[in-house]
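A short worksheet on the structure shown next.
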Amino acid sequence: MGAETDITVSDGVSQIALTAGPSARLTVAMLIAIGAALDQLAQDDAVEIIVLRGKSNVFPSGITVPRGGGDDRDNMLTDLCRRIENYPKPVIIVLTGAVVGAGVELALAAHYRLIHRLTRIGFPNARLGLVPSAGATQRLPRLIGAQVALDLLIGGALMPVSAPRLAPLADMLFDDAPNDALNRFVTDLRSTDARPRPTADLRTGFADASAYQATIHRMRTAIDASPEIAPRKILAAIEAAILLPIDAGLAFEAAAAEDCADTEQSKALSHLFHAEQQVTAQIRRNDLPDISAIGVLGGSAIASQIVLAAIEAGVAVRWFIKDPAQQRDAVGHVRSVLQQAVQTGRMNSERAQRGLQTLRHGDAPDVLEDVQIVLRATRGQRGAPVPEGITVAHCLPDADPRLSLQFAAPAATSRLVEVILGPEATEDHRRLGLALARKLNKLAVVQTTPGTGLHDRLLQTLWRAADALVDLGQSPYTIDTALRDWGMVHPPFELADMAGLDVVSRHARADGAQNWSGLLLQLGRQGRATGRGFYHHAGTDPTRDAEIEHKINERRAPQSTLPAAQVARLVIGALANEGAKALRDGVVPRAAEIDVLSVFAHLVPNWRGGVMHAAAKGGLLGTTRAMHALEHPDHDLWTPDPVFAELIKYGRTFDDL
């Protein structure tokens, strides 16, 4: 049939083997080839059963629409899936490897599914702000019910098909060679005189209609609180699956997919998804060293978080702690967290026990002897028995001349680590930092700088810009409200309380500008830890404090409130300006790294696409004019980097950098 497919026929069984190219992506050419093969085989009376499989151990998949990086502009996948479902001969699909998006859509449309036990499946569509458009919202709940379908379609993570909750998807799970499993299955199929079995006719997942509807109601309460559009559309389509005939349900899904296809949100999420892929490519290098054990110095909170992250990833830990009391408390904390993870079902007991067995702690001279890297995560650990030739990475806030690893909080669960290469760093340091990130299953944003990391620079800029607006007469509460409404989970003054006002107050402001955290510190307020900062922290949610507004107004006159959109434009513009300076300084090579960092460090929401993308979508010309018009003494903060003018001149955005 061509390079895309290879058709063989033996004993009445025709196998259509798909060639997975270097990207393993399901392309339009493959979809056309599958359709042509089905045309040919429908007319062949010698063929009784059709098998669709990958030519190698990889089944081609991915998102086929252009927003997901595919080339299916006419949504040919939808028609092909419906055609497979209605095919007059039994269609078996054989899945191996990681199968996502369109590959799973084909599997759902097939009549029978043979899946290797190690296969994982997933739908990244919602992460791109998209709705699956080839029937997944209608077929998946017919097989596995509402809850698991929602977890797959909205959660976006790969799930192992061996999980009990996915059992209804597979007609056979196999461990051996695909051909052997296929021969057994075909023999059994023939013995029962099996016919085509359209998924549209199955209602296993609808067996408990009340539980199905209860799941929809429960999930709607959670999803409606989110500004993301695609999850709401997916939820509505899954609700429609139990209410509508398949053709009407597919039409409902198609309308939902069209509603999301070209929104600013889907553009932002798509941008972020592909930026994340660019960043992830660094840890896929084949020249990274193997890391089986790490050393951690000290018993601080960040040290404990790193230890937990390592245990979660199956990495052996050698934990050097000088102080016996600190050792007792830190190790006890780790044990307690693991115990809670087991009790809540987040980790099975065998895995937790295995992690504790590979954790060695103490202050013995040989405690670090078999590690490949040591992480200095607590001050006062100089003189630790680090083996000769082993790199010590700095995990504290200040800079290091060689290698720093800054984990986004909380390090145990956050996906981000900054790999910061100082002026004395070598390529070996880069590889070692990337290798650890890969081992811990984290995104690595690599930076080259003699100073602190990019997250710290953006964080300080956020507080600096917010303070400047207070200087100009704005209330800290109206600033926080504007940015929270824009999408920030923790706007600047709430975040200052969380970090501790003593931390925020250490950074000087320009002449004539005020660090308002320093003022509050002088008033005896330290932030959330002591219950009083910019906010009053008595209950679960922080509340405004009239005394603070009074104290601030004593030092500068309040002015009329800026429109919320203007506040957001100025603060996001200041953050993007700092990002532009980092690009000019060569800290990171692309704006994509800044966008990924800003999202995974929780500075901006994912549906904004990252701080650089958001600033560009807000309008670079308008942002530049707003910054120029601001009469504030911190000229460095509010003077746009020359790249703003360059991008405006040529009609480009930060996405192009």
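Data for the structure
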item: Value of [θ]222 nm, deg cm²/dmol, for the chain, DSSP H segments ≥ 4, -39500 (n - 2.57) each, nearest 500; result: -14500 deg cm²/dmol
item: Residue range of the chain that is longest and free of GluC sites (Glu not before Pro) which are both DSSP loop and sparsely packed (at most 11 other C-beta within 10 Å); result: 1-387
item: Distance between region 438-494 and region 237-294 - C-alpha centres, whole angstrom; result: 27
item: Loop trypsin sites (Lys or Arg not before Pro), region 181-222, which have at most 15 other Cβ atoms in a 10 Å radius of their Cβ (DSSP); result: ARG203
item: The chain: antiparallel DSSP beta bridges as a percent of all, rounded to 5; result: 25
item: Derived scalar couplings ³J(HN,Hα) [region 86-95; Karplus, 6.51 cos²θ - 1.76 cosθ + 1.60; whole Hz; x for Gly, Pro]; result: 9, 5, x, 10, x, 10, 9, 10, 10, 10
item: Residue-normalised accessible area of region 141-273, given per residue in Å² at a 1.4 Å probe; result: 46
item: Solvent-accessible area per residue, Å², over region 499-598 with all protein chains present [probe radius 1.4 Å]; result: 48
item: Rounded percent of accessible protein surface that carbon and sulfur make up, the chain, 1.4 Å probe; result: 51
item: Heavy atoms of ASP180: accessible area, 1.4 Å probe, square angstrom to 10; result: 80
item: Spacing of the two label points (7 Å from each Cα toward its C-beta) at ASP11 and ARG335, in nm; result: 5.9
item: Cα-based helix-to-principal-axis angle, 209-223 vs the chain, degrees rounded to 10; result: 30
item: Distance between region 90-117 and region 591-616 - C-alpha centres, whole angstrom; result: 35
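The values are calculated or read from the model by the stated rules, or taken from the named source; none is laboratory data. Because the structure is predicted, anything quoted here is derived from the model rather than measured. Neighbour counts run over all protein chains shown; Cβ positions are idealised from the backbone, glycine included. Side chains are part of the model used for accessible areas, which takes the heavy atoms of the whole protein and leaves out ligands, DNA and RNA. Shrake-Rupley method; radii C 1.70, N 1.55, O 1.52, S 1.80 Å.
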